[in-house]
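Asker: Below is the structure I would like to discuss, written out as structure tokens.
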Amino acid sequence: MEFSITQLLENFSDDKLVTPKAIEKKLAIGDDNKSVRRLQVTLDALEKIGILEKDKGRYRRIHEEGLVEGRLRCSSKGFCFAIQDAEDAEDIYVRESRLSNAWNGDRVLVHVTKDGVRRRSPEGEVRLILERSNITLLSTVKLVDASYRAVPLDDRLLFEVELVPDEEHPDLDVAVGKLVHLEMVRFSLGHHLPMGRILQVLGDDAESTNDIDLVCCKHNLPRRFSAKALTAAASLPRGLRKADLKHRLDLRKTLTVRIGNATAISIAQVETGWELGVHIPDVATYVTSGSPLDLEARKRLRSFFLGDTILPMLPEMNVFNQAEYLAMSVLIKLDHEGNVLSFEIQPSAILVRANLSYQRAQQILDGEVAVDKDAPSQEIDTEVEELVQLIAKVGALLQERSNAIRLVLPQIPSQEADEGVRGLTVVPSTLRIAGTVTEVMVLANKAIASHLQSLAIPAVYLRQIPPDQVKVDDWIKLLESMGISIQLETPEQIQVADIHNILQQLNQIEQDASRDILKYLLLSMSKTSEYVLAPALHFGLGMIDLPYLHGAFPQNHYADLLIQRTLHTVFEEGRDRRSIRIKDGVNLRSSSAHGQVNWSVLPPDTERQLIEDLEAILPKLNQADALYHRSISDLDGLRKAEFMRSHTGENFYGIITSVQSYGFFVEIESLMVEGLVHVSSLKDDWYEFPLINGKGRARASTLLVGRRSGRQYCLGDRVEVQVKGVDYYRQQIDLVAVVIPGSDRDLSNSEFILESNLEADLELPEEIDPATIE
């Protein structure tokens, strides 16, 4: 099994000595002799350079002063910064001559050679490359002196790769002038060029290549499953067996429906309120730890939803395509106002009466009788329609009680019902049912989280911190420039209540386009959620003191699968009483156990192993989520660029959303694409921040003023622009201003540079720190 230096060093903590055998087990090397030898060679090399020390065949990590870990962020000019994980840590400047063959995106150990002074960053040199980021590359091929070279499309990778033929591509001449996806065979070694082999010839250039192919190749997303995984999936039972029902609730007579991509739901109205069931597919029963399916899932760690294309975490499991299947049911009792009275979490068997798209469910709510286009042969009976009505009714009750930040927008990225977008609940304006289903899924996640916390069971929780206050301040300036009065509870940090107050005011704006732009900006500045090992704040859901986790989609998230396995372990191995002398135990499947447990539920060895497994997988889960967000952002940018390319010469309106000393940003209303208007493109005058009392410049100004003409570009101004040209791969769009002749802003020769990707090579003033450009 392949492993990185980062993965290897994660096994050393607290200055403890670790044996190679223990590391082999943690890295799941097994009996692979080649990997065992590679591990030993790596351990010896790390000892030689002073990262590890050896004591009687065991190894210990040496923590050297002045040695920091970070990820390289480079510019097309060749200078790089090592970005540390801690948000308040300084970035380390690394000169090109001190990169030690590390590339942009690589995780490195940097030795600090010079402390930072005043506004200068500390300087350092790369001591060790911990993990390579660019295992594969998108490149164009050229012929140089009978040698085939690949030039990376990413202009921050300032090198060429020597191509070597293989069985699939023995003749490299056919790739000359083409865009290819290549795999690294050997990275740079001394003065020798890196070497690679072609995986796929994509086309003549990026523009002629399918956008999904571009995104998958750029981020090296796996699209094929191993033969072992496919065989394992095919060998799963195709339906329920009598033995499967043992120790499970049989809920097959309970009316249950699936809506959209959500988990199956059942609701019954009772005297005390409602009995709500969220029936999560019991993937853990079929995907056991260490199995071929599990190993395949660990490579991906989540499914990728790229528009209409889905890259699943697991191969198709026909057992869950049947009407009847095994589930982990969260059975919640609610009062008439939607308050949780109690709940149970039970392994079960269910029967799904109907699978409805969100569109069809919305049609039922709207009283329409159209047939579901995704299942035209499926007749919707009256009971199913009544259940959909109940789901909408209960979901609306939950929404009223929820403190979550909820955005209604005309178009949203692909998402799962409880995942949201950047941690926020985002609902398409034409599909209200999606919002109510989301509330039901979130409630199930809350129940699982509170149960595991109450029983003191180790688990992976979700945390979302508030957005950066600097971005919040810029957003508030824009709001105020558009006539919205803002009064924060605490000026130092925005609170959930502040967001709710602002959204109420936004809903009063008459212009739909302006209102949507402001909501999209809120969405874009929100932090993505991250996995942690203890209950923590979730800003988007408005959960300050309550635990939250993601557990409703084990077929799409490895973290959810781990949660489901943990629940099985609790139910099968957990102790329901302090000692065997006590007659009555607690029900470990019920919320009635909360506050009653003051002993360790899991056996010590089981709990210890669970903690170790979660600690090891946690950073990988967060890395997979970060990769997912980069991928969908890239796809979104490419599709916007493609749309704009097809509308060259056409006009669009936009709003100035940010003003800087080097220019201002424009958001195109109909597309939600942000663009930079650089001051150098404004040829009619010299534009700058206005003077303050005749002195200095207003660094936090909301407008640029022409020195001679006095013309202004203000935050919140609405401008009309025309599409001039598009750089598709860099997602860069050139626009020109369209102004009524003779007006104060007749700047028809001025160019606007639209960038949805800030990685573009901008000529910025010296006062802008290049490290802040991603």
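Asker: If Gln495 satisfies every condition in (1) under 26 Å from Ala444 (Cα atoms); (2) in contact (Cβ under 8 Å) with a residue 40 or more places away in the chain; (3) of a type outside the set (D, E, K, R) but one, which is the exception?
Answerer: (2)
Asker: Please find, within segment 497-511, the residue that is farthest from the chain's Cα centre (by Cα) out of those that are over 28 Å from Leu704 (Cβ atoms) and open to solvent by 60 Å² or more (accessible area, probe 1.4 Å).
Answerer: Going through the qualifying residues, I end up with Gln508.
Asker: Select from segment 292-331 the residues that are part of a loop (DSSP other than H, G, I, E, B) and among the aliphatic types (A, V, I, L, M) and write down the one among them that is nearest to Asp613 (Cα to Cα). Give the derivation first.
Answerer: First pass over segment 292-331, keeping only residues part of a loop (DSSP other than H, G, I, E, B): 301, 303, 307-308, 312-317, 321-323.
Applying the additional criterion that residues be among the aliphatic types (A, V, I, L, M) yields 301, 313-314, 317, 323.
Numbers: Leu301: 14, Met313: 19, Leu314: 20, Met317: 25, Ala323: 34 Å.
So the residue we want is Leu301.
Asker: Moving to a separate point now. Out of all the residues in segment 245-267, which are open to solvent by 40 Å² or more (accessible area, probe 1.4 Å) and in contact (Cβ under 8 Å) with a residue 12 or more places away in the chain?
Answerer: Within segment 245-267, Leu245, His247, Arg248, Leu249, Asp250, Arg252, Lys253, Thr254, Leu255, Arg258, Asn261 meet the criteria.
Asker: Something else about it: Checking the condition charged (D, E, K, R), open to solvent by 20 Å² or more (accessible area, probe 1.4 Å) and over 33 Å from the mean Cα position of the chain (by Cα), which residue from Asp88, Asp166, Asp155 passes?
Answerer: That would be Asp166, the only listed residue that is charged (D, E, K, R), open to solvent by 20 Å² or more (accessible area, probe 1.4 Å) and over 33 Å from the mean Cα position of the chain (by Cα).
Asker: Condition (residue is under 27 Å from the mean Cα position of the chain (by Cα), open to solvent by 50 Å² or more (accessible area, probe 1.4 Å) and within 30 Å of Asp636 (Cβ to Cβ)) applied to segment 296-307: is it met by at least one residue? It would help to see each step written out before you state the result.
Answerer: The first filter runs over segment 296-307 and keeps only residues under 27 Å from the mean Cα position of the chain (by Cα), leaving 296-307.
Next, only the ones that are open to solvent by 50 Å² or more (accessible area, probe 1.4 Å) stay: 298-299.
The next check asks that each one be within 30 Å of Asp636 (Cβ to Cβ); those that pass are 298-299.
Yes, segment 296-307 contains a residue that is under 27 Å from the mean Cα position of the chain (by Cα), open to solvent by 50 Å² or more (accessible area, probe 1.4 Å) and within 30 Å of Asp636 (Cβ to Cβ).
Asker: Which ones in segment 326-345 are open to solvent by less than 20 Å² (accessible area, probe 1.4 Å) and closer than 28 Å to Glu530 by Cα?
Answerer: First pass over segment 326-345, keeping only residues open to solvent by less than 20 Å² (accessible area, probe 1.4 Å): 326-330, 332, 334, 338, 343, 345.
Of everything in segment 326-345, those that are open to solvent by less than 20 Å² (accessible area, probe 1.4 Å) and closer than 28 Å to Glu530 by Cα turn out to be Ala327, Met328, Ser329, Val330, Ile332, Phe343, Ile345.
Asker: May I pose another question? Going through Gly663, Gly710, Gly696, Gly675 one at a time, which residue ends up being of a type outside the set (Ser, Thr, Tyr), in contact with a His (Cβ under 8 Å, 6 or more places away or on another chain) and either at pLDDT below 85 or at positive phi (or both)?
Answerer: Only one candidate qualifies: Gly663.
Asker: From Ser100, Ser13, grab the single residue that is part of a loop (DSSP other than H, G, I, E, B), in contact (Cβ under 8 Å) with a residue 40 or more places away in the chain and within 31 Å of the chain's Cα centre (by Cα).
Answerer: Ser13
Asker: Within segment 454-472, track down each residue that is open to solvent by less than 10 Å² (accessible area, probe 1.4 Å) and over 30 Å from Ser591 (Cβ atoms).
Answerer: The answer is Pro467, Val472.
Asker: Same structure again: Listed residues Val94, Val112; which is in contact with a Pro (Cβ under 6 Å, 6 or more places away or on another chain) and of a type outside the set (Asp, Glu)?
Answerer: Val112
Asker: Which numbered condition in (1) in contact with a helix residue (DSSP H, G or I) (Cβ under 6 Å, 6 or more places away or on another chain); (2) closer than 23 Å to Thr42 by Cβ; (3) without any contact (Cβ under 8 Å) to a residue 60 or more places away in the chain is the only one that Val141 fails?
Answerer: (2)
Asker: Across segment 497-528, which residue is farthest from Ser670 (Cα to Cα) among those that are in a helix (DSSP H, G or I) and hydroxyl-bearing (Ser, Thr, Tyr)?
Answerer: Across segment 497-528, the extreme among qualifying residues is Ser524.
Asker: Now for a separate question. Hey, can you tell me all the residues within segment 25-38 that are modelled with pLDDT under 85 and either polar (S, T, N, Q) or not in a loop (DSSP other than H, G, I, E, B) (or both)? If you could, list the steps in order and put the result at the bottom.
Answerer: Narrowing segment 25-38 to residues modelled with pLDDT under 85: 25-35.
Result: Lys25, Lys26, Asn33, Lys34, Ser35.
Asker: Can I ask one more? When you look at Ile494, is it over 22 Å from the mean Cα position of the chain (by Cα), at pLDDT below 90 and assigned to a loop (DSSP other than H, G, I, E, B), yes or no?
Answerer: Details: over 22 Å from the mean Cα position of the chain (by Cα): yes; at pLDDT below 90: no; assigned to a loop (DSSP other than H, G, I, E, B): yes.
When the stated conditions are applied, Ile494 does not pass them.
Asker: Report every pair of residues separated by at least 6 positions or lying on different chains whose Cβ atoms are under 8 Å apart, first residue within segment 233-244 and closer than 14 Å to Asn318 by Cα and among the β-branched types (Val, Ile, Thr), second open to solvent by less than 90 Å² (accessible area, probe 1.4 Å) and assigned to a loop (DSSP other than H, G, I, E, B).
Answerer: none
For every residue, the table says whether it meets (1) of a type in the set (Lys, Arg); (2) open to solvent by 40 Å² or more (accessible area, probe 1.4 Å).
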| residue | (1), (2) |
| --- | --- |
| Asn101 | no, yes |
| Arg107 | yes, no |
| Gly116 | no, no |
| Asp145 | no, yes |
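Asker: Here is a follow-up. Considering only residues that are open to solvent by less than 30 Å² (accessible area, probe 1.4 Å) and either in contact with a Phe, Trp or Tyr (Cβ under 8 Å, 6 or more places away or on another chain) or modelled with pLDDT under 95 (or both), which ones fall in segment 315-325?
Answerer: Result: Pro315, Met317, Val319.
Asker: Looking at segment 680-693 only, could you name the residues that are at pLDDT 85 or above and not in a loop (DSSP other than H, G, I, E, B)?
Answerer: Result: Glu688, single match.
Asker: Now, a different point. Give me the residue from segment 39-61 that is in a loop (DSSP other than H, G, I, E, B) and open to solvent by 60 Å² or more (accessible area, probe 1.4 Å) and, out of that set, nearest to Ser133 (Cα to Cα).
Answerer: Ile49
Asker: For segment 364-389, enumerate the residues that are buried (at least 20 other Cβ atoms within 10 Å of the Cβ) and at pLDDT 90 or above.
Answerer: The answer is Ile364, Leu387, Val388.
Asker: Looking only at residues in segment 530-555 that are open to solvent by 30 Å² or more (accessible area, probe 1.4 Å) and touching a Lys or Arg at 6+ places or on another chain (Cβ under 8 Å), which one is farthest from Ser402 (Cα to Cα)?
Answerer: Glu530
Asker: Further, regarding this structure: Could you list all residues from segment 582-614 that are without any contact (Cβ under 8 Å) to a residue 24 or more places away in the chain and basic (Lys, Arg)?
Answerer: Lys583, Arg608
Asker: I've got another one for you. Would you mind telling me which numbered condition in (1) closer than 23 Å to Leu614 by Cα; (2) open to solvent by 70 Å² or more (accessible area, probe 1.4 Å) Thr19 fails?
Answerer: Of everything listed in (1) closer than 23 Å to Leu614 by Cα; (2) open to solvent by 70 Å² or more (accessible area, probe 1.4 Å), Thr19 misses just condition (2).
The values are calculated or read from the model by the stated rules, or taken from the named source; none is laboratory data. The structure presented is a predicted model; accordingly, all values stated were derived computationally and were not measured. We place every Cβ from the backbone using ideal geometry, glycine too, and count neighbours over all the protein chains shown. For accessibility, only protein heavy atoms count, side chains too; no ligands or nucleic acids. Shrake-Rupley method; radii C 1.70, N 1.55, O 1.52, S 1.80 Å.
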